[in-house]
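Chemist: Structure in structure tokens, see below.
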């Protein structure tokens, strides 16, 4: 198998990444995980929203989702947008 074909099969097994400008109407749950990146354990998160699954390793996003679901375990997080503040390198949430 050519590497290009292998890469497509591996990528298709992974959920899409949360992107700048993406609106999530209803986040129902999250799952923290870790993965190997350049031989080091890296924190990540699976985000379940609008009937889909997404992934992120953005520290700020993971902290915001984690805080919300720890204090509101039986609720959903509704109408949020993924944004990157001007001049910053991180992603955060704002009301959609």
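Chemist: In region 13-47, how many are modelled with pLDDT of 95 or more and closer than 20 Å to residue 94 by Cβ?
Modeler: 14
Chemist: Right, another one. Being modelled with pLDDT of 95 or more and more than 17 Å from the chain's Cα centre (by Cα) narrows it down to one of 5, 75, 95, so name that one.
Modeler: Being modelled with pLDDT of 95 or more and more than 17 Å from the chain's Cα centre (by Cα) holds for just one of 5, 75, 95, which is 75.
The values are calculated or read from the model by the stated rules, or taken from the named source; none is laboratory data. As the structure is a prediction and not an experimental result, all values here were calculated from the model. Glycine also receives a Cβ, built like all others from the backbone with ideal geometry; neighbour counts cover every protein chain displayed.
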